[in-house]
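Structure, as structure tokens:
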Amino acid sequence: MSPVRLRTVKLCKRFGGLAAVSDISIEVRPREIHALIGPNGAGKSTLINLLSGELRPTSGSIYIDGRETTNCTAYQVSQSGIGRTYQKTNIFLPFTVFENARLAAQSRLPTSMRFIRDASRNEFLNERARAALAAAGLNHCAERIASTLSHGEQRQLEIAMCLATAPSVLLLDEPLAGMGADESALMVELLKSLAHNHGILLVEHDMDAVFQVADRITVLVNGQKLESGTPSAIRNSAAVHSAYLGNDDHA
Ligand code: ADP
Ligand code: MG
């Protein structure tokens, strides 16, 4: 069995009296897409914020490649190889596509590159940015101003910015949000190609997309894990149907 990249053990996050994430133990393995689904307010974004170090858990533990990172900062988590995107786009609209990717690369410059000549460092960052744009399917619009991109292209750029930090695991929060059918189909293909080199924790409401790409699905409801399994096990789960999939109100 392949090693686990990212693992949580009984992770909990309370906001005052509200248990937003309760006792969640999940894993992401290399080259696997693990989808996290559940109704609004289920705790999906909170879980991603815990994993990325943007929130501190109330209890429980997080391990990256076997090393505990429970109380690490977002910067330390990023240095450990975890990249994330946000539910709302988070790009620098007045800058070019290339400049956005390069700024992201610069935000996680490896320690070994800090003390070398400027020219070599520049070339290293440029190459990281170019590779990230290529992997996200954006090479053709590197010189465009980000604000002129379509919504789908802006979501691709967010993924490119995440790739520019050279992560081994991607935490993607609703990458298909607000997309039309054509843009969604493109993003589904991009997710499949990213899984050749990365473990992915995918939060997504588009069930067609989830069932197309996921190797494993975990269903969260009210902060708790309702079920976890293969797409066919989830599709056939009576508990999931009554709590979530059977309910049209899950968007
Ligand atoms: P999802 O992403 O599944 O829609 P969230 O993780 O955003 O759900 O939210 C889970 C629950 O935690 C919701 O009830 C939400 O209102 C609450 N919540 C999220 N962030 C905060 C916060 N910073 N302070 C207080 N409550 C929060
Ligand atoms: Mg959310």
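Here are the numbers for the structure shown:
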item: Filtered residues of the range 114-141 (kept if open to solvent by 20 Å² or more (accessible area, probe 1.4 Å) and of a type in the set (A, V, I, L, M, F, W, C)); result: Phe115, Ile116, Ala119, Phe124, Ala131, Ala134, Ala135
item: Search result, residues across the range 37-93 that are modelled with pLDDT under 90 and within 24 Å of Glu227 (Cα to Cα); result: Gln87
item: Check on Gly38, within 16 Å of ligand 2 (Cβ to nearest atom) and within 28 Å of Asp208 (Cα to Cα); result: yes
item: Test result for Ile82, touching a residue at least 12 places away in the same chain (Cβ under 8 Å), more than 16 Å from ligand 1 (Cβ to nearest atom), buried (at least 20 other Cβ atoms within 10 Å of the Cβ) and under 15 Å from Pro167 (Cα atoms); result: yes
item: Residue identified as in contact (Cβ under 8 Å) with a residue 24 or more places away in the chain and of a type in the set (A, V, I, L, M, F, W, C) among Ile116, Ile91; result: Ile91
item: Verdict on Val4 being out of contact with any His (no Cβ under 6 Å at 6 or more places or on another chain) and within 15 Å of ligand 1 (Cβ to nearest atom); result: no
item: Options Ser168, Ser228, Ser237: the member that is more than 30 Å from Arg108 (Cβ to Cβ), at pLDDT below 95 and of a type in the set (Gly, Ala, Ser); result: Ser237
item: Selected residue [away from ligand 2 (no atom under 16 Å from the Cβ), farther than 14 Å from Gly199 by Cβ and acidic (Asp, Glu)] from Glu32, Glu68; result: Glu68
item: Subset of the range 208-223 (residues that are over 17 Å from the mean Cα position of the chain (by Cα) and within 16 Å of ligand 2 (Cβ to nearest atom)); result: Val221, Asn222, Gly223
item: Residue within the range 144-157 that is more than 16 Å from ligand 2 (Cβ to nearest atom), at pLDDT 95 or above, part of a loop (DSSP other than H, G, I, E, B) and in contact with a Ser or Thr (Cβ under 7 Å, 6 or more places away or on another chain) present; result: yes
item: Test: residue in the range 92-115 that is farther than 30 Å from Asn139 by Cβ and of a type outside the set (Gly, Ala, Ser); result: yes
item: Qualifying strands (runs of 3 or more DSSP E) (wholly inside the range 1-79; at least 3 residues being open to solvent by 50 Å² or more (accessible area, probe 1.4 Å)); result: 6-15
item: Every residue from the range 92-104 that is open to solvent by less than 80 Å² (accessible area, probe 1.4 Å) and part of a helix (DSSP H, G or I); result: Val97, Phe98, Asn100, Ala101, Arg102, Leu103, Ala104
item: Scope the range 80-91; condition at negative phi and part of a loop (DSSP other than H, G, I, E, B); matching residues; result: Ser80, Thr85, Tyr86, Gln87, Lys88, Thr89, Asn90, Ile91
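Per-residue answers, yes or no, for (1) farther than 17 Å from Leu186 by Cβ; (2) outside any helix (DSSP H, G or I); (3) among the polar types (S, T, N, Q); (4) in contact with a helix residue (DSSP H, G or I) (Cβ under 6 Å, 6 or more places away or on another chain):
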residue: Gln106; (1), (2), (3), (4): yes, no, yes, yes
residue: Ser112; (1), (2), (3), (4): yes, no, yes, no
residue: Ile116; (1), (2), (3), (4): yes, yes, no, no
residue: Glu127; (1), (2), (3), (4): yes, no, no, no
residue: Ala131; (1), (2), (3), (4): yes, no, no, no
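The values are calculated or read from the model by the stated rules, or taken from the named source; none is laboratory data. Just so we're clear, the structure is a prediction, and the values are computed from it rather than from any experiment. Methodologically, a virtual Cβ is constructed for each residue, glycine included, from the backbone with ideal geometry; neighbour enumeration extends over all protein chains shown. Each accessible area value is taken on the protein alone, full model and side chains, heavy atoms only, with ligands, DNA and RNA left out. Shrake-Rupley method; radii C 1.70, N 1.55, O 1.52, S 1.80 Å.
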